[in-house]
Amino acid sequence: MTVEFRGGRGTEVLAWLREFSDLGYCLTLTRERSAEQVMRAYGIDPASARRLPLDDLKQVDPTGELRGTVVRFGQSEGLGFSVEYIGTTGGSDPVLGRLSAGTETVTLTATADGMVWFGHACDGVELSTFEPHAPDHTRNGPGPHQDFAEPMQQLADWYEEYEPDRTKENLLGLIHERLGGLPSPDVLDGPLLTAFLPED
């Protein structure tokens with residue numbers, strides 16, 4: 001698998017994510033999952049969700065103070081996806097284990113302090129995580145990592161030569177190549193099932 005720098009969908013989705021939240025986000029993409037199945041992996045009853053456009057997402061917060069995270073759910077190009085406003089629940093267990101049970105999930109997580117993580121899980125097990133700017137030094141998980149060995153090195157090389165956001169774009173290119181799709185900004189802007197996860 002070869003990942004070369006490209007614009008297109010990866011660039012568009014990264015620009016959307018940066019506009020969506022500079023306080024952290026988590027994008028998950030799972031093969032052959034419906035929006036409702038992704039919701040259940042989060043422990044959310046789909047009947048409790050509201051279908052809202054992006055501009056109205058905070059309407060689901062009963063406190064009005066956003067003491068928790070808003071999660072939007074959808075399906076695009078055969079992938080069930082979630083995108084969290086501020087929160088990063090989908091990038092770790094138990095949600096990630098439930099999402100990937102019997103299938104494959106990739107995640108892109110960004111925190112308020114600027115950390116960015118890629119995650120890959122299959123059949124309920126998180127196989128690999130790494131920071132896109134330093135994959136060799138930050139790689140964790142039992143593997144196998146071989147599917148991502150060459151792209152990880154290319155990502156590291158790109159980070160040395162270009163600014164960090166270019167590396168994130170290339171990471172989204174890797175995700176697009178691996179899973180065969182990414183939700184477009186139009187899909188992400190449009191009405192999606194939306195729910196609120198309160199703080200623990």
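Points to keep in mind about this one:
- Of the residues making up the range 61-97, those that are over 12 Å from the mean Cα position of the chain (by Cα) and in a helix (DSSP H, G or I) number 2.
- So Thr11, is it surrounded by fewer than 20 Cβ atoms within 10 Å (Cβ to Cβ), at pLDDT below 85 and either assigned to a loop (DSSP other than H, G, I, E, B) or of a type in the set (Gly, Ala, Ser) (or both): no
- Just one of the listed residues (Gly190, Gly173) is surrounded by fewer than 16 Cβ atoms within 10 Å (Cβ to Cβ) and either modelled with pLDDT of 65 or more or not hydrophobic (A, V, I, L, M, F, W, C) (or both), namely Gly190.
- Of residues in the range 41-64 being among the acidic types (Asp, Glu) and open to solvent by 80 Å² or more (accessible area, probe 1.4 Å), the one nearest to Arg31 (Cα to Cα): Asp45
- The residues listed here are His133, His145, His137; of these, the one that is more than 18 Å from the chain's Cα centre (by Cα), at pLDDT below 80 and surrounded by 14 or more Cβ atoms within 10 Å (Cβ to Cβ) is His145.
- Within the range 101-121, being open to solvent by 20 Å² or more (accessible area, probe 1.4 Å), within 22 Å of Gly10 (Cβ to Cβ) and free of Cβ contacts under 8 Å to residues at least 60 places away in the same chain holds for Gly114, Met115, Trp117.
- Note on the range 98-126: residues that are of a type outside the set (D, E, K, R) and in a strand (DSSP E or B) total 15.
- Scan of the range 67-100 for residues that are without any contact (Cβ under 8 Å) to a residue 60 or more places away in the chain and either polar (S, T, N, Q) or open to solvent by 10 Å² or more (accessible area, probe 1.4 Å) (or both), ordered by number: Gln75, Ser82, Ser92, Asp93, Pro94, Gly97, Arg98
- Of the residues making up the range 32-41, none is among the β-branched types (Val, Ile, Thr), outside any loop (DSSP other than H, G, I, E, B) and out of contact with any Gly (no Cβ under 9 Å at 6 or more places or on another chain).
The values are calculated or read from the model by the stated rules, or taken from the named source; none is laboratory data. Everything numeric here is computed off the predicted structure, so don't read it as measured data. Here Cβ is always computed from backbone atoms with ideal geometry, including for glycine, and neighbour counts include all displayed protein chains. Remember, those area values only see protein heavy atoms, side chains included, never the ligands or the DNA or RNA. Shrake-Rupley method; radii C 1.70, N 1.55, O 1.52, S 1.80 Å.
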